[in-house]
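The values are calculated or read from the model by the stated rules, or taken from the named source; none is laboratory data. This structure is a prediction, so every number in the text was calculated from the model and none was measured. Positions of Cβ are generated from backbone atoms using ideal geometry, with glycine treated the same way; all protein chains shown enter the neighbour counts. When the accessible area is computed, the model is the full protein with side chains, heavy atoms only, and any ligands, DNA or RNA have been set aside. Shrake-Rupley method; radii C 1.70, N 1.55, O 1.52, S 1.80 Å.
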Amino acid sequence: MLRTRVYIDGYNFYYGCLKGTSHKWLDLVKLFKYKVLPSITAQSNGVQLRLDLENLSIKYFTAEILEKVAQDPDSRTSQRSYLGALAKHSQDSLEIIKGNYALNEAHAKRVDPQNPERWPRDCQRVNIWKVEEKKSDVSLALHAFKDAILGEIDHAVIVTNDTDIQPALEMINTLTPVKIGLVVPTRHHQRTPNQELNDQALWVRSHITEDELASCELPRVIPARRPYTKPISWYPRPDRIAQALQISNANGMRSSDVYKWLQQPNAYWGNALPLDMLSDEENGQKVLDFMTQWHGSRSTPFDPSPS
């Protein structure tokens, strides 16, 4: 039984697994404890590894988005809500270690659109905005090495494909008995494990599946003094969610009751979840039409099953 701790490069994880998906409201402890690690079948000296996530099982290294570079108006508030929800829900199982982003003017050679093969030395030099995440990869390396050298762990699971971490992994292998596992943060084998990291690991998991991500979502609302709620923009069809809420709120229904109905299997629609149906073009409109018709013909909130 190996005392195991997971070290997640948040930047790598987001761009490899989450960007462009509806899986951002992710329960990291659930994902690694019940999906990723149980799938590992590695052996050491002929003995099957048994991985034990202790109280502080995950260290998550990330940085808060800069308003000046955020793609969406609610990116900063959504990220803060998620980090708060993740910390509250995970309690002592997860620690969030924050770095920061730096935004600076810089110069770079522009790729020639007429001749992409032209060498950089012969290309035009232009001014750019350079956005860099600072401290996160260094912090991950130092935390993993410190935990290993102090004997706090027997097994370090590194979640990144960034070679900057390679020297730290080599030191862990050289100076401690700690085993190293590598999880490449990507979906469907989209990125090949970096060979420099691969060489330092006892085992490598080359991807995390779409189904694993989808099955490990945090509860929609995490209770707190000021509750943390999943942002509407993080659903597959946020426009449809907004329409459903608008229809029902205009008729006196609370948002919490609307979400409760949306997340209940509905016998009328073959036990499908109305929330899932909203992401489908044809079925989504059926849900919205039903909600509109119900409110147009009744003065009370709609029943969970249409008839």
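Suppose we filter the range 1-47 for residues that are open to solvent by 80 Å² or more (accessible area, probe 1.4 Å), more than 17 Å from H188 (Cα to Cα) and of a type in the set (K, R); how many remain?
1
Given the conditions (1) closer than 24 Å to K24 by Cα; (2) surrounded by 14 or more Cβ atoms within 10 Å (Cβ to Cβ), report the number of the one that E132 does not fulfil.
Of the numbered conditions (1) closer than 24 Å to K24 by Cα; (2) surrounded by 14 or more Cβ atoms within 10 Å (Cβ to Cβ), the odd one out for E132 is (2).
Of the residues Y7, Y14, Y82, which single one is of a type in the set (F, W, Y) and assigned to a strand (DSSP E or B)?
That would be Y7, the only listed residue that is of a type in the set (F, W, Y) and assigned to a strand (DSSP E or B).
Which condition from (1) in contact (Cβ under 8 Å) with a residue 60 or more places away in the chain; (2) surrounded by 12 or more Cβ atoms within 10 Å (Cβ to Cβ); (3) in contact with a helix residue (DSSP H, G or I) (Cβ under 7 Å, 6 or more places away or on another chain) is the one that D72 breaks?
(2)
Restricting attention to the range 182-204, which residues are over 18 Å from H155 (Cβ atoms), β-branched (V, I, T) and without any contact (Cβ under 8 Å) to a residue 40 or more places away in the chain?
Once the filter is applied, which keeps residues that are over 18 Å from H155 (Cβ atoms), β-branched (V, I, T) and without any contact (Cβ under 8 Å) to a residue 40 or more places away in the chain, the range 182-204 yields only T192.
Can you tell me how many residues in the range 155-202 are farther than 18 Å from L31 by Cα, assigned to a strand (DSSP E or B) and not charged (D, E, K, R)?
1
Are there any pairs with C-beta distances below 8 angstrom linking a residue in the range 133-148 that is in contact (Cβ under 8 Å) with a residue 60 or more places away in the chain and assigned to a helix (DSSP H, G or I) to a residue that is open to solvent by less than 20 Å² (accessible area, probe 1.4 Å) and among the acidic types (D, E), with the two at least 6 apart or on different chains, and if so which?
S136/D9; D137/D9; L140/D9
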